[in-house]
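The values are calculated or read from the model by the stated rules, or taken from the named source; none is laboratory data. Given the structure is predicted, the values throughout are model-derived calculations rather than measurements. Methodologically, a virtual Cβ is constructed for each residue, glycine included, from the backbone with ideal geometry; neighbour enumeration extends over all protein chains shown.
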Amino acid sequence: MRILVDADACPVKEEIYKVAFRLDVPVVLVANSHLRVPPHPLITRETVTNVLDAADDRIAELAGPDDVVVTADILLADRCIKAGATVIAPTGKPFTAASIGSAIAVRAIMVDLRAGGDQIGGAAPFSRQDRSRFLQALDEALGRLSRRPAR
């Protein structure tokens with residue numbers, strides 16, 4: 001069991017570290033640029049090239065049924081769900097096989113609207129409630145994985 005993090009713009013890295021240290025779960029941070037990470041044996045940093053989607057490709061390659069993936073990227077979430085991973089957005093919103101299709105559809109509509117010149121507001125600012133929801137979702141996901149029978 002491990003936590004895979006789409007780390008370049010992840011606002012909850014400190015929360016991930018706290019949970020990982022408490023539960024003794026390894027963390028792999030994947031990014032296109034160099035990140036500072038705490039010197040701890042549970043934390044691994046992988047810096048990939050700046051090629052488009054290189055970090056996403058690496059996370060999707062690593063993801064499996066015993067992993068929790070933290071990402072806001074809907075298309076990466078879809079790839080990781082298909083690999084059997086548990087996927088959580090930094091806001092605490094879980095991506096599931098049942099919800100990912102509609103998330104992809106909404107994303108496609110928003111891309112089309114932006115391409116057509118429509119002015120659309122961005123995502124809501126990241127809040128304290130988002131952090132709290134994320135911590136709860138991460139704890140729950142890791143708890144579920146740890147209770148699964150060994151394969």
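Below are the figures for this structure:
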| read-out | value |
| --- | --- |
| Wholly within region 22-97, strands (runs of 3 or more DSSP E) carrying at least 1 residues that are of a type in the set (D, E, K, R) and either within 21 Å of Phe126 (Cα to Cα) or under 14 Å from the mean Cα position of the chain (by Cα) (or both) | 67-70 |
| Residues (among the hydrophobic types (A, V, I, L, M, F, W, C), in contact with a helix residue (DSSP H, G or I) (Cβ under 8 Å, 6 or more places away or on another chain) and under 24 Å from Arg147 (Cβ atoms)) located in region 65-99 | Val68, Val69, Val70, Ala77, Cys80, Ile81, Ala83, Val87, Ile88, Ala89, Phe95, Ala97 |
| Matching entry among Ala63, Ala31 (being touching a Cys at 6+ places or on another chain (Cβ under 8 Å), more than 24 Å from Val106 (Cα to Cα) and buried (at least 17 other Cβ atoms within 10 Å of the Cβ)) | Ala63 |
| Selection status of Ala105, surrounded by fewer than 14 Cβ atoms within 10 Å (Cβ to Cβ), in contact (Cβ under 8 Å) with a residue 24 or more places away in the chain and over 20 Å from Ala141 (Cβ atoms) | no |
| All positions within region 1-15 that are among the hydrophobic types (A, V, I, L, M, F, W, C), under 20 Å from Asp66 (Cβ atoms) and out of contact with any Leu (no Cβ under 7 Å at 6 or more places or on another chain) | Ile3 |
| Test for Arg107: is it modelled with pLDDT under 70, touching a Leu at 6+ places or on another chain (Cβ under 9 Å) and in a helix (DSSP H, G or I) | yes |
